[in-house]
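Step one of this worksheet: look at the structure below.
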């Protein structure tokens, strides 16, 4: 796994660009998990990834609706970014209602899943994993990779 210190939005953008390139080029997976405490920057990273992919809609946290999808207009591999926030999920069976199995089967959708710990047994073993850690000085450490 790679590890970087994020001290600015420019650092976040650079890291997001690397992550999107890793996932796009490797073809290994279309599932990206984002772990970290509240306020660590999970949604901010998804927003930056969406911007890099050309999503023009405003990305907001799906905490209360659990899932939001956004069209990716011109990417060579992905047509949709689906942003899932599992924070409010109490039982993995709740993901069935969202059609999670179908989402996993559609490799043209980039699935960005915050709080994957809540649905751990449903996450594919080949998922691209991201861990954001908020440091006492306000910076973030990010670890990412397969």
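The numbers here are math on the coordinates, done by the rules we state, and not lab data. What you are looking at is a predicted structure, and each value in this text was computed from that prediction instead of being measured. Note: ideal-geometry Cβ built from the backbone for every residue, glycine included; neighbour counts use all protein chains shown.
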message = Using alpha carbons only, how many angstrom separate the centre of region 76-139 from the centre of region 2-28?
response = 17
ask   = How many percent of DSSP beta bridges within the chain run antiparallel, rounded to 5?
value = 55
message = With the crude spin-label approximation of a point 7 Å out along Cα→Cβ, what separation in nm comes out for residue 51 versus residue 65?
response = 2.1
query = For the chain, what is the mean residue ellipticity at 222 nm derived from helices alone (per DSSP H run of n ≥ 4: -39500 (n - 2.57); sum divided by total residues; nearest 500 deg cm²/dmol)?
reply = -8000 deg cm²/dmol
request  = Can you tell me which of 81-88, 61-68, 101-108, 113-120 comes out highest on packing, and rank the rest after it, using the mean Cβ neighbours within 10 Å?
outcome  = 81-88, 113-120, 61-68, 101-108
inquiry  = Using Cα springs under 10 Å in a Gaussian network model of the chain, which residue among 35, 121, 69 shows the largest mean-square fluctuation?
reply    = 121
query = Taking 0.36 nm per residue of separation and subtracting the Cα-Cα distance, what length does fully extending residue 77 through residue 91 add?
reply = 1.9 nm
remark   = Note on region 2-145: contact order normalised by length, alpha-carbon pairs under 8 Å, 6 or more apart, percent, works out to 36
